[in-house]
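Undergrad: My questions will all concern the structure given below.
The values are calculated or read from the model by the stated rules, or taken from the named source; none is laboratory data. In this text, all values refer to a predicted model and were calculated from it rather than measured experimentally. Cβ coordinates were reconstructed from backbone atoms using ideal geometry, including for glycine residues, and neighbour counts include every protein chain displayed. The accessibility values were calculated without ligands, DNA or RNA, using every heavy atom of the protein model including side chains. Shrake-Rupley method; radii C 1.70, N 1.55, O 1.52, S 1.80 Å.
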Amino acid sequence: MRGLVLITLACFATAQHQALIDYLERRLLAIEDRISLWHEQTNRYASELRELKQQMVSQLENLDKEKEALRINLDSVGTRVDRVERELDYLETQNGAQPCVDVDDKLIEQQVILVNEKNKVKYEKLSDCRDMISTIKAMKILKRVGGPQGMWTKDTSSGTGKVYIFNGTDEDTIYEFASVQDFTRSLGTSLAKHLKLPSAWRGTGHVVYNNHAYYVKQVNEVMVVKFDIKNNSATDSAVFPVQDHIPVYSLSPETVMDLAVDEEGLWAIYATQQNERHISLAKMDAKTLDIEQMWETTCPRENAEAAFVICGTLYVVYNTKQPGRSRIQCVFDVNDMVTNEEAPLVYFPKRYGTHSSLKYNPQEQVVYAWDDGYQILYKLDMKKKLEI
């Protein structure tokens, strides 16, 4: 009886073991099926990703090609725009309505002749300078210091190399740098000596000449103030003997008078309501601030932005209300050695905006320009008058 029970128990245990094995086999087969399905899905996803990558690479290559084509087209458009601009500039110089000549009616020429005969006395030159501008040889941008309007220069009569900054149109502090190198490496005006003026200047028409700063002051009348830089004091001032001053340049309305220095000395460029359409010129005595001689030029104020004098010749620079390329399009020579028809049309290189000041240095034959806060040097190429 005992044996039968043992046999029965053994059979029962064997059956349970077989059932467990069968269950485990079924579970393993299910796991294998899932693993196989996962591999298939993984391979499919990898294949799809490869195809997507190939499509993206192809699209990126097409985009690069389109980008290059667009760049080439933009370069072509820029070249065509420059060509059109040059052609328009050329046409402006060829038409009959040049800004340096007024053709309102036939009486204008007669009036100009009468004024010239009445007011123009033969100017006695102080030097044998006969240079005039041929072209602008080079441009150099030094840095950007200050606001959009201002003036910078060297002492046009000495070789000290000091640089002077007049920032703004209504200030009273000049910044003096020991050299151009100090100016370029200075952080702002940190390396500058501050020269406090007894009064604020007006506009950007100032010069530094023979260790003196000559600046324009306007309260009720326009005055020229002479400031001794070494002694840090004003030594003289004079009311400019002209009534009803108006801004000398229509594109620089803050400048009521523009002082200039050349080989002959000190000049004043101005305008009045009596001759409101044109710019006037006066020769000044730098020592006494007396007026030596005055001229009414044929150069219009309209679209003028700045001017300077070289060897007794006034060069007026014009632009447009929407800043374009500045150009010298009107000249006036006090010795009648250069006329508008004979003088070359000189264009300035493209820059940032319009010039708020242009100051000629006769020792270096360089123009110091202030353009939207940038300090720029223009190296001039000269030729002799009467050799046009």
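Undergrad: Of the conditions (1) in contact (Cβ under 8 Å) with a residue 24 or more places away in the chain; (2) small (Gly, Ala, Ser); (3) in contact with a helix residue (DSSP H, G or I) (Cβ under 8 Å, 6 or more places away or on another chain), GLY159 satisfies every one except a single condition; which number is it?
TA: With respect to (1) in contact (Cβ under 8 Å) with a residue 24 or more places away in the chain; (2) small (Gly, Ala, Ser); (3) in contact with a helix residue (DSSP H, G or I) (Cβ under 8 Å, 6 or more places away or on another chain), GLY159 is out only on (3).
Undergrad: Has segment 295-314 got any residue that is acidic (Asp, Glu), surrounded by 14 or more Cβ atoms within 10 Å (Cβ to Cβ), in a strand (DSSP E or B) and in contact (Cβ under 8 Å) with a residue 60 or more places away in the chain?
TA: The answer is yes, given that some residue of segment 295-314 is acidic (Asp, Glu), surrounded by 14 or more Cβ atoms within 10 Å (Cβ to Cβ), in a strand (DSSP E or B) and in contact (Cβ under 8 Å) with a residue 60 or more places away in the chain.
Undergrad: Just one of GLU264, GLU276 is closer than 22 Å to ASP333 by Cα, free of Cβ contacts under 8 Å to residues at least 40 places away in the same chain and of a type outside the set (Ser, Thr, Tyr); which is it?
TA: GLU276
Undergrad: Which one of ILE269, ILE376, ILE291 is among the β-branched types (Val, Ile, Thr), under 27 Å from the mean Cα position of the chain (by Cα) and over 22 Å from LYS137 (Cβ atoms)?
TA: Working: ILE376 fails: over 22 Å from LYS137 (Cβ atoms); ILE291 fails: under 27 Å from the mean Cα position of the chain (by Cα).
After applying the criteria, what remains is ILE269.
Undergrad: Give me the residue from segment 177-207 that is buried (at least 19 other Cβ atoms within 10 Å of the Cβ) and not in a loop (DSSP other than H, G, I, E, B) and, out of that set, nearest to the chain's Cα centre (by Cα).
TA: By that ranking, first place goes to PHE183.
Undergrad: Which of the following residues is within 23 Å of TYR209 (Cα to Cα), at pLDDT below 95 and crowded, with 17+ Cβ neighbours inside 10 Å: ASP236, ASP262, ASP290, ASP258?
TA: Values: ASP236 fails: crowded, with 17+ Cβ neighbours inside 10 Å; ASP290 fails: crowded, with 17+ Cβ neighbours inside 10 Å; ASP258 fails: at pLDDT below 95.
From the options ASP236, ASP262, ASP290, ASP258, the qualifying one is ASP262.
Undergrad: Among the residues of segment 228-248 satisfying the criterion of being touching a Ser or Thr at 6+ places or on another chain (Cβ under 7 Å) and not in a loop (DSSP other than H, G, I, E, B), which is farthest from TYR270 (Cα to Cα)?
TA: Only one residue tops the list, namely ASP228.
Undergrad: Name the pairs whose Cβ atoms lie under 7 Å apart, with the first residue in segment 332-358 and aromatic (Phe, Trp, Tyr), the second open to solvent by 40 Å² or more (accessible area, probe 1.4 Å) and in a loop (DSSP other than H, G, I, E, B), and 6 or more positions between them or separate chains?
TA: From residues that are aromatic (Phe, Trp, Tyr), the pairs are TYR347/ARG325; PHE348/ARG325; TYR352/ASP372.
Undergrad: Of the conditions (1) modelled with pLDDT under 80; (2) of a type in the set (S, T, N, Q); (3) over 30 Å from THR320 (Cβ atoms), ASN95 fails just one. Which one is it?
TA: Status for ASN95: all satisfied but (3).
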